[in-house]
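These notes concern the structure reproduced below.
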Amino acid sequence: MIQVWDRLVRLLHWTLVAAIATAWLSTLDLGIGWTHERAGYVAAAAVSIRLMWGWAGRQYARFDQFVRRPSVVMAYSQKLWRHVEPRHIGHNPLGGWMVVALLACIAGTAFTGWLQTTDRYWGSEPLEIVHTWMAWGLLGLITLHLIGIIFTSLRHRENLVLAMITGRKSPPHGNDVA
């Protein structure tokens with residue numbers, strides 16, 4: 001086994017999972033509404049740190065390692081469709097863009113939520129609508145993310161959830177992309 005995702009990447013990932021779950025649960029009117037705002041601040045902080053770590057972090061944490069040009073993503077998608085895609089030690093090209101989409105959507109949701117706490121946008125219905133749509137979009141992205149994890153785990157016979165807990169994956173072999 002080799003170390004792929006460092007502790008900070010894993011900590012930020014699971015912090016985002018907890019913050020987003022808390023934010024969603026707090027909208028169910030269970031008497032814990034004050035946690036919604038705090039969960040948003042935690043998510044915003046985690047995204048900010050992850051963005052910095054994406055440029056300054058270790059190999060598999062860096063955006064230049066997993067965010068690929070659209071032509072590379074299309075080529076990977078075609079291989080995926082033909083069932084001949086290589087296993088990637090870090091994020092595959094589609095997974096890399098999912099990371100970008102998730103981070104952007106979390107940041108946008110947190111930002112629009114924060115704006116609603118300011119004097120200028122307090123009670124702004126249009127901003128509330130944008131915030132709500134971004135939150136639902138985030139839920140859609142999370143669903144696609146989970147489907148991708150399950151699909152890739154089954155396809156390459158590796159437990160990606162466990163890898164995000166331990167940070168370790170099987171070393172590259174054959175046509176795997178390190």
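Readers should treat all values here as calculations from the given coordinates under stated rules, not as data from a laboratory. Everything numeric in this text was worked out from a predicted model, so none of it was measured. Cβ atoms come from the backbone with ideal geometry, glycine included; neighbour counts cover every protein chain shown.
The residues of segment 1-10 that are loosely packed, with under 14 Cβ neighbours inside 10 Å and either in a helix (DSSP H, G or I) or in contact with a Pro (Cβ under 8 Å, 6 or more places away or on another chain) (or both), listed by number, are M1, I2, R7. Taken over segment 149-165, the criterion of being without any contact (Cβ under 8 Å) to a residue 12 or more places away in the chain and of a type in the set (V, I, T) is satisfied by I150 alone. If you filter segment 124-165 down to residues that are among the polar types (S, T, N, Q) and closer than 24 Å to E37 by Cα, you find that the one that is surrounded by the most Cβ atoms within 10 Å (Cβ to Cβ) is S124. Any residue that is in contact (Cβ under 8 Å) with a residue 60 or more places away in the chain, in contact with a strand residue (DSSP E or B) (Cβ under 6 Å, 6 or more places away or on another chain) and not small (G, A, S) - is there at least one of those in segment 70-87? Yes, that holds for at least one residue. Mind telling me which of the residues L138, L146 ends up being out of contact with any His (no Cβ under 7 Å at 6 or more places or on another chain), in a helix (DSSP H, G or I) and touching a residue at least 40 places away in the same chain (Cβ under 8 Å)? Result: L138 is the single residue among L138, L146 that is out of contact with any His (no Cβ under 7 Å at 6 or more places or on another chain), in a helix (DSSP H, G or I) and touching a residue at least 40 places away in the same chain (Cβ under 8 Å).
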